[in-house]
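Taking it in order: structure first as structure tokens, then the write-up.
Please treat every number below as a calculation from the coordinates, not as lab data. Just so you know, these numbers come straight off a predicted model, no measurement behind them. Neighbour counts are summed over all protein chains in view; Cβ atoms, including those assigned to glycine, are modelled from backbone coordinates with ideal geometry.
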Amino acid sequence: MYSLNQTQFSELAKIIYDFSRIHLSEKKKPLVISRLSKRIRKLGLANFSEYLSLIRSAGPESDEFTEMINSISTNYSHFFRESYHFDFLVSHYLTPLKQEGSNPLCIWSAAASTGQEVYSLLICLEEFKRIKNPHLRYQLYASDISSKVLNTASSGLYKIEETQKISKEYLKTYFLRGKGSYENQFKVKNQYIKQIKFFKFNLNSTQYDVPPMDIVFLRNALIYFDRPTKQQIINRLYDILPPEGLLFLGHSESLAGISSKFKLVGRTIYKKVV
Ligand SMILES: C[S@@+](CC[C@H](N)C(=O)[O-])C[C@H]1O[C@@H](n2cnc3c(N)ncnc32)[C@H](O)[C@@H]1O
């Protein structure tokens, strides 16, 4: 591990904050040292001073900047995380939904990480179609700031241990069991992966240039941002959602202290009112 002095930590934290709005407090210093030391070693650099010079000169469009963001972001996720959200979606939104016209229902997993959230949504929607309404039309979107996690998400490949929350029946319907060198893995069937549009997206962008969305899952990401950043993200999500559109946050997140016209309608579930 390499040593990181206070000035270097503050500079790195500022560079990362300016780009992603991920706030790295003093408590995160060991994490930064451990994750970025791996990059320094891999690049054959001598210390954090050289690493900072590289980041300064390469800039946010460079591969190493992307690697740095990939290394710093916390990507933990699992299938059917906060399962009450999926129950709410079925009983309070999909069941009463009357689809008119040709527009599909659009749902965006906006900090998708390695994809477990969007595949849980896919299974939920497909099961709803199979059991309740074969005419349901939907489009799923999944984005993240980290290209690394998005690559995992769009590969649809998961270790057996990661699929424990998925029933045997769903595994059989939506996944293929790996063989040979993939023996301990499950892969989402291609026909389902194709139903999701994956794209890299920074929630800190000033323009949310995304297709019209009806529902946004932004779970376990707001927690990393400070209040002004949260406020900006919530304002932008409010603007892109239609009246009655839903916003799902993570279990330890809320809009307390944020000014918005979202109304709490379930456990960390908000509805846009106008
Ligand atoms: C803990 S994961 C959440 C995964 C999933 N939503 C869930 O609840 O299981 C947080 C994700 O937020 C992403 N993230 C952090 N800052 C971001 C930003 N500025 N724009 C987009 N995604 C960001 C990280 O890369 C990470 O994959």
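Can you tell me which of Pro96, Pro228, Pro30 moves the most in a GNM of the chain? Springs connect C-alpha atoms under 10 Å apart.
Pro96
If you filter the range 195-274 for trypsin sites (Lys or Arg not before Pro), then keep DSSP loop positions with at most 14 other Cβ within 10 Å, what is left? Provide the component values of the computation, followed by the final result.
On the way: sites: Lys197, Lys200, Arg219, Lys230, Arg236, Lys261, Lys263, Arg267, Lys271, Lys272; in loops: Arg219, Lys261, Arg267.
Within the range 195-274, the qualifying trypsin sites (Lys or Arg not before Pro) (loop, at most 14 other Cβ atoms within 10 Å) are Lys261, Arg267.
Per the Cauchy relation, a quarter of the hull surface: what is the mean projected area of the convex hull of the alpha carbons in the chain, in nm²?
Details: hull surface 64.3 nm².
Across all orientations, the chain yields a mean hull projection of 16.1 nm².
Output wanted: per-residue J couplings in Hz (rounded whole) for the range 59-74, from phi through Karplus 6.51 cos²θ - 1.76 cosθ + 1.60, θ = phi - 60°, x for Gly and Pro.
Along the range 59-74, the couplings run x, x, 7, 7, 4, 5, 4, 4, 4, 4, 5, 4, 6, 7, 6, 9 Hz.
Which GluC sites (Glu not before Pro) from the range 1-101 combine a DSSP loop assignment with at most 12 other Cβ atoms within 10 Å? If you can, show how the numbers build up before the last one.
Details: sites: Glu11, Glu26, Glu50, Glu61, Glu64, Glu67, Glu82, Glu100; in loops: Glu61, Glu82, Glu100.
Answer in residue order: Glu61, Glu100.
Among the GluC sites (Glu not before Pro) within the range 132-211, which fall in a DSSP loop and have no more than 15 other Cβ atoms within 10 Å of their own Cβ? Let's see the in-between values first.
On the way: sites: Glu161, Glu162, Glu169, Glu183; in loops: Glu183.
Answer by residue number: Glu183.
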